[in-house]
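K.L.:
Have a look at this one.
The values are calculated or read from the model by the stated rules, or taken from the named source; none is laboratory data. Computed from a prediction, not measured in an experiment: that's the story for all the values here. Counting neighbours? That spans all protein chains shown, and the Cβs are built from the backbone with ideal geometry, glycine included. With ligands, DNA and RNA removed, areas are computed over all heavy atoms of the protein, side chains included. Shrake-Rupley method; radii C 1.70, N 1.55, O 1.52, S 1.80 Å.
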Amino acid sequence: MAATYLLPNPKCLSSFLTNPPSVSSIQFTQLSFLNPLDHKPHSSRRLNVCTNAKKKNPWLDPFDDGEDPNMEYGSLFADGKQEEDPRPPDNPDNPYGFLKFPAGYAVEIASLGLKVRGDVRRCCCVISGGVYENLLFFPAIQLLKDRYPGVQIDVLASERGKQTYELNKNVRWANAYDLDDYFPEPAEYTDMVGVLKSRYYDMVLSTKLAGIGHAAFLFMTTARDRVSYIYPNVNAAGAGLFLSEIFTPDSLNLSEGGFNMYHEMVDWLGRPFRSVPRQPVPPLRVSISRKLKEVVEEKYKKAGAEKGKYIVIHGIKSDSKASMQSKGDTDSLLPIEIWAEIAEAVREFKPIFVIPHEKERENVEEAVGEDASIVFITTPGQLAALINDSAGVITTNTAAVQLANAREKTSITLFCSEEKGRIFVPDAEEKKCTIISSKTGKLADIDVGAVKDAIKTFNVSLALV
Amino acid sequence: MGFTILNSHFQSSCLQTRRFEGNPTSRLFKQDSTSTLVTGLRQAQEGKSKRGSLCKVNGLPDWPLMAVLVEQVQGVDYITVKSVTHLSDQAIKNVYSWYILFTVWGCLFFGAMKDPFYNSEYYRGDGGDGTGNWIYEKQEVMEAEAREALWREELIEEIEQKVGGLRELEEAGRKEEELVK
């Protein structure tokens, strides 16, 4: 994946020069040869430049012919990444008193960087979907932070999705707003528009498929860059007018893309710019606070488990909202009877059943036995802390897989089909993740024997460690 | 000659009509009975004021307490409508506008008094004073602070790891030196 990111693709080169795509590299050399201003090393650097991968929307600005290749920039704010919070050193000997300037004090020239180099000081991520989708956006947030040092990232997510940001240290504000509501309450809507507008964002990223309505919502934030996915069908009509950058996904359900569901956006965010090379996509990482760890430790001790000596079992079938499935994989929960069968094979470690709702407790006790250790967890933060203290994880395709990978824990993952497994956990071996997929395409038909075999090797490998 | 404002003229007019009935010369005044009414009234008033006070003050100014509609049929006056409460058009408008204003104000005022959250945990929760006018919402601030603390924790961990790695390197270097010696 990383290799494809690093290669400059020929399509964006041609669009950079605003030539038709048929123009070959020969003509390109001629062009740079004709330009006296273009020095040899300079033009070779330009080769990497890929300002816009797609054709620009001519409706946005009819006189915008792309970047001027002859444009010369000064030294100020022209090149490189932005700096993190420029602040003068505190000077107690100042005749005007001891002035303590806030970060980003140079308001007189602050807008220069924003214009010339495209700095992003404040960024808002509008993320549609539940816990899983929000968790998979973490690498993009880290990428933003790396690409634009000192950027303040805020998040607008659904009620459930917002809970995920307990695990993210890079986010400043996280607001809950129901993005997928077809007709939001006018008061809430206007309030949110006002909140976003008054925060003066430089960039708004949205992973909700935008039609004209959502595009107008983003437009009203008055951010400089309004970046969004749009519907891949006619519903996108008119959305492009309100957005400065659009991505068209392959299907109506973005989550079907699996682990790299945001690859178009990430690709664009990490694009090379002048002398800044392409930003590599960081792996998914979560951070867990001490307080959270303490709370969860109490929970699993109550259930009769010890640190590092239990295995988390997640993905019990329930109609609860807290089951943390992906929207791209609906068949990803196993009934407790099968789980009970699987859990029998776990010998050295204590299996801990994570229930998303208290009403499941009875069912689990019925199927597994009264002495089963059950932990009631609904938030991704607590689940992450539980996984962090565990020896390993056995799960279906829920957020627990990604959390286990993020904390580098060994895991066995049950998928409804091989393809889903490949999409949702790429490079499974690197991540110490064993994928077991159902042959029939239904998760309930999974081969329990295979899972038990996997658990045996799992036991051995963990015992060796 | 003092203030003789003819507000409550109905009584005297009644007297006047009666007097006219008994008067044989009334036919002469038939054409303009109103004028005679007024003149007769004045005479009566003058007689009264001479006997009573010089200055007459109305207790309820601009508020005629009774209105009488008198119709004349063949020289005889009939009282067709007699209304005790009578307000002028302007006064009626004033009354109604006051009524509307009071109702609107009352809805707002007494409606505001019926706040189900008054003095509840919802208003008191994050340091509010129990009224709807002074609420804080600290949830998001707390979450943001928790994330900041998390960031600092991670930073400290990273630094510790780096320092630990450096120490290990140093120790390894020392051991090597010792071995060399």
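K.L.:
If you take the residues of segment A:340-371 that are out of contact with any strand residue (DSSP E or B) (no Cβ under 6 Å at 6 or more places or on another chain) and hydrophobic (A, V, I, L, M, F, W, C), which of them is farthest from A:Lys452 (Cα to Cα)?
P.N.:
Ranking the candidates gives A:Ala367 first.
K.L.:
Give the residue that is most open to solvent (accessible area, probe 1.4 Å), with candidates limited to residues of segment A:265-301 that are away from chain B (no Cβ under 14 Å) and more than 30 Å from A:Tyr73 (Cβ to Cβ).
P.N.:
Per the stated criteria, the residue is A:Glu298.
K.L.:
Hey, another quick one. Can we say B:Glu153 is assigned to a helix (DSSP H, G or I), exposed (fewer than 14 other Cβ atoms within 10 Å of the Cβ) and within 14 Å of another protein chain (Cβ to nearest Cβ)? Outline the logic, then answer.
P.N.:
Details: assigned to a helix (DSSP H, G or I): yes; exposed (fewer than 14 other Cβ atoms within 10 Å of the Cβ): no; within 14 Å of another protein chain (Cβ to nearest Cβ): yes.
Judged against the criteria, B:Glu153 is not a match.
K.L.:
A follow-up question, please. Going by the conditions given, is B:Glu143 within 30 Å of A:Val171 (Cβ to Cβ), at pLDDT 85 or above and in contact with a helix residue (DSSP H, G or I) (Cβ under 9 Å, 6 or more places away or on another chain)?
P.N.:
Here the answer is yes, as B:Glu143 does meet what is asked.
K.L.:
Can you pull out the residues in segment A:172-184 that are under 30 Å from A:Lys291 (Cβ atoms) and away from chain B (no Cβ under 14 Å)? Explain how you work it out, then say what you get.
P.N.:
Our first condition is that a residue be under 30 Å from A:Lys291 (Cβ atoms); within segment A:172-184, this holds for A:172-179.
Listed by number, the residues that qualify are A:Asp178, A:Leu179.
K.L.:
Here is a further query. For segment A:185-196, state whether one or more residues are within 14 Å of chain B (Cβ to nearest Cβ), more than 27 Å from A:Met324 (Cβ to Cβ) and open to solvent by 60 Å² or more (accessible area, probe 1.4 Å).
P.N.:
Within segment A:185-196 (the criterion being within 14 Å of chain B (Cβ to nearest Cβ), more than 27 Å from A:Met324 (Cβ to Cβ) and open to solvent by 60 Å² or more (accessible area, probe 1.4 Å)), the answer is yes, since at least one residue qualifies.
K.L.:
Then there's this: Report, by residue number, each residue of segment A:245-264 that is under 15 Å from A:Leu135 (Cα atoms) and open to solvent by 60 Å² or more (accessible area, probe 1.4 Å).
P.N.:
Result: A:Glu256, A:His263.
K.L.:
In segment A:189-202, is there at least one residue being within 25 Å of A:Arg147 (Cβ to Cβ), touching a residue at least 24 places away in the same chain (Cβ under 8 Å) and in contact with a helix residue (DSSP H, G or I) (Cβ under 7 Å, 6 or more places away or on another chain)?
P.N.:
Within segment A:189-202, one or more residues are within 25 Å of A:Arg147 (Cβ to Cβ), touching a residue at least 24 places away in the same chain (Cβ under 8 Å) and in contact with a helix residue (DSSP H, G or I) (Cβ under 7 Å, 6 or more places away or on another chain).
K.L.:
Answer yes or no as to whether A:Ala223 is open to solvent by less than 30 Å² (accessible area, probe 1.4 Å), farther than 19 Å from A:Gly328 by Cβ and not assigned by TED's automatic domain parsing to the domain that holds A:Thr398.
P.N.:
yes
K.L.:
Taking helices (runs of 4 or more DSSP H) that fall entirely within segment A:362-459, which contain at least 2 residues that are within 21 Å of A:Glu298 (Cα to Cα) and assigned by TED's automatic domain parsing to the domain that holds A:Lys309? Don't jump to the end; show me each part of the working.
P.N.:
On the way: elements: A:380-388, A:399-406, A:418-424.
Correct list: A:380-388, A:399-406.
K.L.:
Would you confirm whether or not segment A:177-199 contains a residue that is assigned by TED's automatic domain parsing to the domain that holds A:Leu136 and in a strand (DSSP E or B)?
P.N.:
No, every residue in segment A:177-199 fails to be assigned by TED's automatic domain parsing to the domain that holds A:Leu136 and in a strand (DSSP E or B).
K.L.:
Is it true that A:Lys169 is of a type in the set (D, E, K, R) and either buried (at least 24 other Cβ atoms within 10 Å of the Cβ) or within 12 Å of chain B (Cβ to nearest Cβ) (or both)?
P.N.:
yes
K.L.:
Let me ask another. Is it the case that A:Tyr165 is of a type in the set (Phe, Trp, Tyr) and assigned to a helix (DSSP H, G or I)?
P.N.:
yes
K.L.:
Being assigned to a helix (DSSP H, G or I) and surrounded by fewer than 21 Cβ atoms within 10 Å (Cβ to Cβ) is the filter; apply it to segment A:144-159 and report the residue that is nearest to the other protein chains (Cβ to nearest Cβ).
P.N.:
Top of the filtered list is A:Lys145.
K.L.:
I would also like to ask the following. Could you list, in sequence order, all residues of segment B:108-140 that are at pLDDT 85 or above and within 14 Å of chain A (Cβ to nearest Cβ)?
P.N.:
Those that are at pLDDT 85 or above and within 14 Å of chain A (Cβ to nearest Cβ): B:Lys138, B:Gln139, B:Glu140.
K.L.:
Is it the case that A:Ile141 is within 14 Å of chain B (Cβ to nearest Cβ), part of a strand (DSSP E or B) and either under 20 Å from A:Pro283 (Cα atoms) or open to solvent by 20 Å² or more (accessible area, probe 1.4 Å) (or both)?
P.N.:
no
K.L.:
Residues of segment B:85-131 being open to solvent by 90 Å² or more (accessible area, probe 1.4 Å) and of a type in the set (Val, Ile, Thr), which ones?
P.N.:
The answer is B:Thr85, B:Ile100.
K.L.:
If A:Gly441 satisfies every condition in (1) at positive phi; (2) crowded, with 20+ Cβ neighbours inside 10 Å but one, which is the exception?
P.N.:
(2)
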